1. Working from the alpha-carbon coordinates of the chain, get Rg over Rh, Rh being the Kirkwood radius.
2. What angle, in degrees between 0 and 90 and rounded to the nearest 10, separates the Cα long axis of helix 192-209 from the longest principal axis of the Cα atoms of the chain?
3. Could you go through segment 71-85 in sequence order and give the Karplus-derived ³J(HN,Hα) for each residue, using 6.51 cos²θ - 1.76 cosθ + 1.60 with θ = phi - 60°, rounded to whole Hz, and x for Gly and Pro?
4. Tell me the net charge near F101. Cut-off is 10 Å between Cβ atoms, F101 excluded, with +1 for each Lys or Arg and -1 for each Asp or Glu.
5. Can you run phi through the Karplus equation (6.51, -1.76, 1.60; θ = phi - 60°) for segment 150-157 and list ³J(HN,Hα) in whole Hz, with x for Gly and Pro?
6. At a Förster distance of 35 Å, what's the computed FRET efficiency of A79 paired with E139, Cβ-Cβ distance as r, to 0.05?
7. Put a dot 7 Å past each Cα toward the Cβ at T193 and D298; how far apart are the dots in nm?
8. What 222 nm value per residue comes from the helices of the chain, counting each DSSP H run with n ≥ 4 as -39,500 (n - 2.57) and dividing by all residues, nearest 500 deg cm²/dmol?
Amino acid sequence: MTAADQTPVLEVDGLSLEFRTRSRVAEVLSAVSFDMRAGETLCLVGESGCGKSMTALAIMRLIPPLGRIGAGSVRLRGADLAAHDEAAMREVRGNKISMIFQEPMTALNPVYTVGDQIAEPLRLHQGLSKAQARERAIEMLKSVGIPLPERRVDDYPHQMSGGMRQRVMIAIALACDPDVLIADEPTTALDVTVQAQIFDLLREQQARRGTAVLLITHDMGAVSEMADRVVVMYGGRVVEQGGVREILAEPRHPYTRGLIACLPELDRQPTDIRPDLPEIPGVVPSVWERGAGCPFRDRCSQAMARCAEAFPPLTQVGAAHEVACWLYPEAAP
Ligand code: SF4
């Protein structure tokens, strides 16, 4: 890997997001930090409600009306996106940072052909003519494995299977060769065979283009298959992060261990440490119920008095492995 490869493409630093109503304020994201390099896959892991998708929306500055970014920064190739006005952000979205979602049918427009929808960002961001954009749309359909692309380019989304629609979404997202592709649970709505095909396609396209992929998932199987590095989120915070090998073989945070223990089918090496939580009882607290302290404490079998007092800082437990948990005494201030 060259020095250029090591330069982060995307840097999320201390990102906080609040939801405000007239009577109350909730911190949805608290000091979320991570970075991504070209060609790597970073998996953002956790159950629904842990802040993964909200992190993606905050990066894209597509936060809901109640939301307000309270602190922190998002840098794309060194440029602070907070300094971008809405017009500049529209240039970023779909061009420099693209997103694919769980259910392509809701993301695709049912009244336009798939060819028109692939052509749109090419015309908007790259100024291609209608004919050039159509030609490129056919190339993109071919590159994502759609058979007979010259014919399928004129199909409407409802004429395609779920797997084909997700391939079309990937074609739209990659049309402008983005620096970063955010894939939010991209295979959850698909059957297992098609899931594997979509992951293969993402890997192949990433290798070809050098795209940094932020894969949002609750599925540790997908993590073991796709990730270079892993960021585990709980309660709107990063609770553990590290290389995929460290996270899967030596998970430190009780929540990460619980996530891994919930997946008995996950392949492990004989030397791997086996997590001791067979399951994770309870549910993720809502953003209005978190309070002070570690947000996992009501579900944690190892919670102590201090866990209710303050959130533990991220502490280094390996070369590039950090955990936020009071079980690690070196975390004590
Ligand atoms: Fe459990 Fe406390 Fe660690 Fe939170 S800080 S995960 S409650 S031990």
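1. For the chain, the value is 0.98.
2. 80 degrees
3. Running phi through 6.51 cos²θ - 1.76 cosθ + 1.60 with θ = phi - 60° gives 7, x, 9, 10, 10, 10, 6, x, 8, 6, 5, 5, 7, 7, 7 Hz.
4. Within the 10 Å Cβ shell, the charges total -3.
5. Once θ is set to phi - 60°, the couplings for segment 150-157 become 5, 8, 5, 4, 9, 6, 9, x Hz.
6. Approximately 0.75, to the nearest 0.05.
7. 4.3 nm
8. -9000 deg cm²/dmol
The values are calculated or read from the model by the stated rules, or taken from the named source; none is laboratory data. Nothing here was measured: the structure is a model prediction, and the numbers come from that model. A quick note on method: Cβ atoms are made from the backbone with ideal geometry, for glycine too, and the neighbour counts reach across all protein chains shown. The accessibility values were calculated without ligands, DNA or RNA, using every heavy atom of the protein model including side chains. Shrake-Rupley method; radii C 1.70, N 1.55, O 1.52, S 1.80 Å.
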